[in-house]
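The values are calculated or read from the model by the stated rules, or taken from the named source; none is laboratory data. Treat the numbers as computed from the prediction; the structure is a model and nothing was measured. Positions of Cβ are backbone-derived with ideal geometry, glycine not excepted, and every protein chain shown enters the neighbour counts. Surface areas here come from the heavy atoms of the whole protein model, side chains and all, with no ligands, DNA or RNA. Shrake-Rupley method; radii C 1.70, N 1.55, O 1.52, S 1.80 Å.
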Amino acid sequence: MQRHVTVIGGGVIGLASAHALVRAGHCVTLIDAHAEVASETSHANGGQLSYRYVAPLADSGVPRQAIKWLLAGNEAPLKLRPNLDPAQWRWMARFVAACNHHTHQASAAQMLSLALHSQAIMSEWRTRDALGDFAWQQRGKLVIHRDPKVLDKAAAARVAPQDQQVLDARQCIALEPSLTHQQAHLSGGIFSASDETADCHAFCQALERKLQTSGRYTRIANTRVAPLSARNGRIAQLELRHLDGRRERHAVEEVVIAAGNHAAELVRPLGIRLSLQPLKGYSLTLALAADTPETAAPHISVTDSARKVVYADLASSASRQLRVAAMVDIGQRERDSFHPELDEQRIAALRKLASDTFPAAGDFAQATPWAGLRPSTPKGPPILGRPRQANSPDNLWLNVGHGSLGFTLACASGDLIARAISREALPSSLSGPGTLTNTLPDALAARPGR
Ligand SMILES: Cc1cc2nc3c(=O)[nH]c(=O)nc-3n(C[C@H](O)[C@H](O)[C@H](O)COP(=O)(O)OP(=O)(O)OC[C@H]3O[C@@H](n4cnc5c(N)ncnc54)[C@H](O)[C@@H]3O)c2cc1C
């Protein structure tokens, strides 16, 4: 049956949800705080569709490693900026509790099944829906290691060994000649030939262009939705606060929360507690000349494992750019969380890391900086489907908490929300042991009696 679905949030998760819903025959109204889609975390992320690198941040060695990173200055992959917010400390406690082998393995298995489904859906949308150019490429992902012991450990921990080749330093450079400058420091790498890259912002714009041709999609821009309220077990209307000061009531049938970092405050009045923290990160975008030699800038996606920096060649028919993304800052308070601020010291450190690794790629002082907040759950997997709390409104659906993998997981997350709202069965790849639905049995299912 056709439903009218209101999606709150115009990042990659909201747009992928809207696209999947319209494809399934529903009508969508999408509401976002900004003038344009993908204006927050989905704007200039790392561009990785890293379907086989989905291991969550929470792992057994991480608390010890984090203490070393905390002493490492502005180039450190992780910075902790403690504040007095009890929600931050509760999240940290849950994160530390999840830093064990068993939880890590279970979360990684859920995320792998979701990621592989996402790759299949991305392929279907790309080939069937004529989305246009969003700098998508399937050139594979190479994770380089500098320490041979760490390389051996990573080789043993591969989640999809049949698709992930272990390479020595010479083979890494043969595959990606721009790593020549790193020759003396490289011990080897792991190459996933099937992984992809794309421009997340351009993907969101492409989805919206397609939605606009459907006749079943409307976007309300420059509008914040006030925290939600329900009556008789349903959300009947939303309070909209337009940027120009107007306020109005908006009637709803089904509501999908795809509000990234702002989801928790939206559902709090309903008694729903979402454990989400905004983990801040940074990126640089360097314009590359079309004739940049292959020894200067990477043409496949490269992840520098020790420094936790990712590099993606975002080449479209119009331009070629190198996207560099890195760093996790926990606990930094923003003056306005809808517009996260740049930290000039972190950006300067990122410029240095990038130009040390690829000195001939260009002048990183000229690269465009960006900051974003990853909406993160303590264990890693996103919160997808019906809220788990008893008595939550019948017409409320969650699609939040995608952390550092929102672009990678967006197509699957959108597809699964649309299936759930359409009361359609889940794909068999997602209902076996160790998969998302096995671990979150009630999350995707509608409550009995609906
Ligand atoms: C440095 C960095 C690098 C990253 N690299 C990668 C990568 O390489 N690959 C990958 O898969 N992922 C990556 N990510 C993660 C990815 O970018 C995020 O997981 C993803 O963008 C989250 O999308 P979202 O739609 O949930 O949130 P957002 O993109 O933030 O969208 C949420 C939208 O909801 C709107 N909104 C919220 N509340 C309201 C309200 N009350 N009313 C109206 N509108 C509202 C917001 O304004 C916003 O526009 C990276 C993140 C960072 C920070």
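Given a 1.4 Å probe and heavy atoms of the protein chains only, how would you sort TRP89, TRP69, largest accessible area at the top?
Output order, biggest surface exposure first: TRP89, TRP69.
Can you run phi through the Karplus equation (6.51, -1.76, 1.60; θ = phi - 60°) for segment 412-424 and list ³J(HN,Hα) in whole Hz, with x for Gly and Pro?
Each residue of segment 412-424 in turn: 5, 4, x, 4, 5, 5, 5, 5, 5, 5, 7, 6, 9 Hz.
If you plug each phi of segment 188-201 into the Karplus form 6.51 cos²θ - 1.76 cosθ + 1.60 with θ = phi - 60°, what whole-Hz ³J(HN,Hα) values come out, in order, with x for Gly and Pro?
The phi angles translate into x, x, 10, 10, 9, 5, 8, 6, 10, 9, 6, 8, 4, 4 Hz.
Take each of the peptides 38-46, 222-230, 386-394, average the number of other beta-carbon atoms within 10 Å over its residues, and list them starting from the highest. Walk me through the intermediate numbers first.
Details: 38-46: 23.6, 222-230: 17.3, 386-394: 15.6.
The packing order, highest mean first, is 38-46, 222-230, 386-394.
Amide H neighbours of VAL252 under 5 Å, counting only residues 5+ apart in sequence or on other chains, H built in-plane at 1.01 Å?
GLN237, LEU238
Please list 3J(HN,Hα) in residue order for segment 138-147, calculated via the Karplus relation 6.51 cos²θ - 1.76 cosθ + 1.60 where θ = phi - 60°; whole Hz, with x for glycine and proline.
Along segment 138-147, the couplings run 10, 10, x, 10, 10, 9, 8, 10, 9, 9 Hz.
Determine the dipole magnitude for the chain: charges of +1 sit on the beta-carbon of Lys and Arg, -1 on that of Asp and Glu, nothing else is charged, the reference point is the Cα centre, and the result goes in debye to the nearest 20. Walk me through the numbers before you get to the answer.
Values: 49 positive and 40 negative charges, 273 e Å.
Here the size comes out at about 1320 debye.
If you average over every viewing direction, what projected area does the convex hull of the Cα atoms of the chain give, in nm²?
So the Cα hull casts an average projection of 20.8 nm².
Roughly speaking, what is the centre-to-centre gap between segment 170-241 and segment 372-428 when only Cα atoms are used, to the nearest Å?
Computed from Cα coordinates, the inter-centre distance equals 14 Å.
Going by a ≥ b ≥ c, the root eigenvalues of the Cα gyration tensor, does segment 122-251 fall in the rounded group (a/c under 1.5), the prolate group (a/b larger than b/c) or the oblate group?
The shape class here is prolate.
Which value, in debye to the nearest 20, gives the size of the charge dipole of segment 104-147 about its Cα centre, when Lys and Arg are +1 and Asp and Glu are -1 at the Cβ?
Once rounded to the nearest 20, the dipole reads 120 debye.
By the scheme Lys and Arg +1, Asp and Glu -1, what is the net charge of all other residues having a beta-carbon under 12 Å from that of ASP32?
-1
I need to check one value: relative contact order of segment 284-377, counting alpha carbon pairs closer than 8 Å and at least 6 residues apart, in percent.
34 percent
How would you rank 163-170, 408-415, highest first, on the average number of other Cβ atoms within 10 Å across their residues?
In decreasing order of mean packing, 163-170, 408-415 become 408-415, 163-170.
Could you check what % of the DSSP bridge pairs in the chain are antiparallel, to the nearest 5?
70 percent
When a/c reaches 1.5 or more, the comparison of a/b and b/c decides; with that in mind, is segment 313-359 rounded, prolate or oblate per its Cα gyration tensor? All intermediate terms of the calculation are to be shown ahead of the outcome.
Working: a/c = 3.08, a/b = 1.51, b/c = 2.04.
Since a/c reaches 1.5 but b/c is at least a/b, the shape of segment 313-359 is classed as oblate.
Given LEU286, CYS200, ALA115, which one lies farthest toward the positive end of the charge dipole of the chain, if we put +1 on the Cβ of every Lys and Arg and -1 on the Cβ of every Asp and Glu?
Of LEU286, CYS200, ALA115, it is ALA115.
Are any of the pairs LYS68/LYS352; LYS153/LYS210; LYS79/LYS153; LYS141/LYS280; LYS210/LYS352 more than 32 Å apart by Cα-Cα distance, and if so, which? Intermediate results must be reported in sequence, preceding the final value.
Numbers: LYS68/LYS352 20 Å; LYS153/LYS210 44 Å; LYS79/LYS153 25 Å; LYS141/LYS280 23 Å; LYS210/LYS352 39 Å.
Table pairs above 32 Å Cα-Cα are LYS153/LYS210; LYS210/LYS352.
Non-local amide H neighbours of LEU30 (under 5 Å, H modeled in plane, Pro and chain starts lacking H): which ones?
HN-HN under 5 Å from LEU30: VAL7, THR218, ARG219, ILE220.
Binning every alpha carbon pair distance of segment 372-433 at 10 Å from zero, what are the percents per bin?
Going from the shortest bin to the longest, the percentages are 20, 48, 30, 2.
With the dipole of the chain worked out from charges on the C-beta (+1 for Lys and Arg, -1 for Asp and Glu) around the Cα centre, which of LEU142, ASN261, THR127 lies farthest toward the positive end?
ASN261
Accessible area, 1.4 Å probe, largest first: how do THR197, THR295 sort? Write out the running numbers ahead of the final one.
On the way: THR197 10, THR295 75 Å².
Highest to lowest solvent-accessible surface, that is THR295, THR197.
Using Cα-Cα distances under 8 Å and only pairs 6 or more residues apart, what relative contact order does the chain have, in percent?
Contact order relative to length: 27 percent.
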